[in-house]
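See below for the structure under consideration.
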Amino acid sequence: MYLANSQRYDGASYRACGKWGLKLPLISLGLWQNFGGADVFETGRAMLRRAFDRGVTHFDLANNYGPPYGSAEENFGVILEKDFRPYRDELVISSKAGWDMWPGPYGVGGSRKYLIASLEQSLRRMKLDYVDIFYSHRPTPDVPLEETMGALAQMVRQGKALYVGISSYGPERTRAAEKILRAEGVPLLIHQPSYSMINRWVEGGLLDTLGELGTGCIAFSPLAQGMLSSKYLNGIPADARAAREGSLKGAMVSPENLARITALNEIAKKRGQSLAQMAIAWVLRDPRVTSALIGARTVAQLDDSLDALKTLNFSKEELSAIDRHATDGGIDLWRSQSQQA
């Protein structure tokens with residue numbers, strides 16, 4: 001039987017989601033990759049245990065995480081029953097819907113039918129009565145925002161989600177979503193955008209918007225899907241996402257970008273950090289960022305990322321050097337793939 005580390009909260013730090021009462025750990029664990037049915041179950045289970053033992057209380061999922069779709073939630077439900085059921089009230093569990101999940105016109109998008117059905121399915125897979133946060137996973141301009149936000153508000157009124165959030169919405173749509181939810185008596189708790197040293201689209205108005213609204217921000221892909229780690233310092237490994245042409249396109253691992261990554265790695269070395277640790281710490285330098293959402297493949301990789309919290313401060317010189325190497329032409333590659341609207 002799993003017994004959580006009795007000292008898991010010693011030295012752990014948490015930030016409030018904007019102006020609201022819910023606090024998240026500075027680093028949260030996402031189950032986008034490596035926790036699905038095609039992965040080794042006990043490896044995922046060990047990572048979840050280790051994360052909680054080190055004070056990580058927030059686990060982030062979505063309906064189509066896997067592969068196959070839904071399997072990350074199914075596996076998490078099994079682990080919850082085996083290991084975390086006694087600790088449910090110490091956990092923040094989130095899920096999302098918006099991307100494709102099942103065939104036909106009702107298995108994708110932002111309609112009330114899709115979102116409500118998806119939440120019901122997620123709850124069954126995870127063996128939960130409610131999720132702590134449910135997100136609209138992406139903007140869907142072909143669906144009225146009132147319908148999408150109305151569905152989120154309905155979830156809160158039904159008690160099946162304690163809070164709601166949005167992901168990858170641009171500043172104007174974020175303001176509109178917050179206004180609709182506020183009229184429904186439901187706060188826009190949090191926004192989940194991509195954000196990293198080489199992907200700074202949120203600095204074009206979104207972070208300012210979230211600060212003004214009092215909405216939290218949890219940054220996904222702070223390692224730029226592995227680019228800001230040691231993985232690509234010597235080229236593209238055969239098992240990397242860029243080699244498979246999946247969510248990270250091989251064109252993004254260009255000689256120019258690899259040179260930038262190498263220069264950033266030298267800055268990290270001088271700080272006594274791995275490149276991944278510096279990348280996570282850099283995202284957290286802004287107090288408007290509630291949490292950095294990381295992934296992990298092994299317990300050792302998870303530990304390395306969590307150790308970023310040992311050195312969070314940056315000098316002005318370090319920040320200037322990072323800006324010099326990270327922003328010269330690299331951002332446009334990411335902007336072209338982003339879903340903000």
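Could you check, for the stretch 186-198, whether at least one of its residues is modelled with pLDDT under 95, touching a helix residue (DSSP H, G or I) at 6+ places or on another chain (Cβ under 7 Å) and within 30 Å of residue 265 (Cβ to Cβ)?
Yes, some residue in the stretch 186-198 is modelled with pLDDT under 95, touching a helix residue (DSSP H, G or I) at 6+ places or on another chain (Cβ under 7 Å) and within 30 Å of residue 265 (Cβ to Cβ).
Residue under question is residue 72, and the condition is that it be in contact with a Phe, Trp or Tyr (Cβ under 7 Å, 6 or more places away or on another chain), over 17 Å from residue 57 (Cα atoms) and in contact (Cβ under 8 Å) with a residue 40 or more places away in the chain; does it hold?
yes
Would you mind stating whether residue 42 is open to solvent by 10 Å² or more (accessible area, probe 1.4 Å), more than 17 Å from the chain's Cα centre (by Cα) and either of a type outside the set (D, E, K, R) or closer than 24 Å to residue 160 by Cβ (or both)?
For residue 42, the condition - open to solvent by 10 Å² or more (accessible area, probe 1.4 Å), more than 17 Å from the chain's Cα centre (by Cα) and either of a type outside the set (D, E, K, R) or closer than 24 Å to residue 160 by Cβ (or both) - is not met.
Any idea how many residues of the stretch 122-150 are under 30 Å from residue 82 (Cα atoms) and out of contact with any Gly (no Cβ under 7 Å at 6 or more places or on another chain)?
Within the stretch 122-150, residues that are under 30 Å from residue 82 (Cα atoms) and out of contact with any Gly (no Cβ under 7 Å at 6 or more places or on another chain) number 8.
Looking at (1) within 15 Å of residue 197 (Cα to Cα); (2) modelled with pLDDT under 95; (3) assigned to a loop (DSSP other than H, G, I, E, B), which is the only condition residue 238 fails?
In the conditions (1) within 15 Å of residue 197 (Cα to Cα); (2) modelled with pLDDT under 95; (3) assigned to a loop (DSSP other than H, G, I, E, B), residue 238 misses (1) alone.
Tell me which helices (runs of 4 or more DSSP H) are completely within the stretch 253-315 and hold 1 or more residues being touching a His at 6+ places or on another chain (Cβ under 6 Å) and either in contact (Cβ under 8 Å) with a residue 60 or more places away in the chain or surrounded by fewer than 20 Cβ atoms within 10 Å (Cβ to Cβ) (or both), or say none if there are none.
255-271
Which count do you get for residues in the stretch 194-230 that are in a strand (DSSP E or B) and either β-branched (Val, Ile, Thr) or over 16 Å from the mean Cα position of the chain (by Cα) (or both)?
Count: 1.
Out of 21, 11, 55, I need the residue that is open to solvent by less than 10 Å² (accessible area, probe 1.4 Å), within 30 Å of residue 285 (Cβ to Cβ) and out of contact with any helix residue (DSSP H, G or I) (no Cβ under 7 Å at 6 or more places or on another chain). Which one?
55
The values are calculated or read from the model by the stated rules, or taken from the named source; none is laboratory data. The model shown is predicted, which means the values in this text are computed figures rather than measured ones. Every residue, glycine among them, receives a Cβ derived from its backbone with ideal geometry; neighbour counts consider all protein chains shown. Heads up: the accessible areas ignore ligands, DNA and RNA and are worked out on the full protein's heavy atoms, side chains in. Shrake-Rupley method; radii C 1.70, N 1.55, O 1.52, S 1.80 Å.
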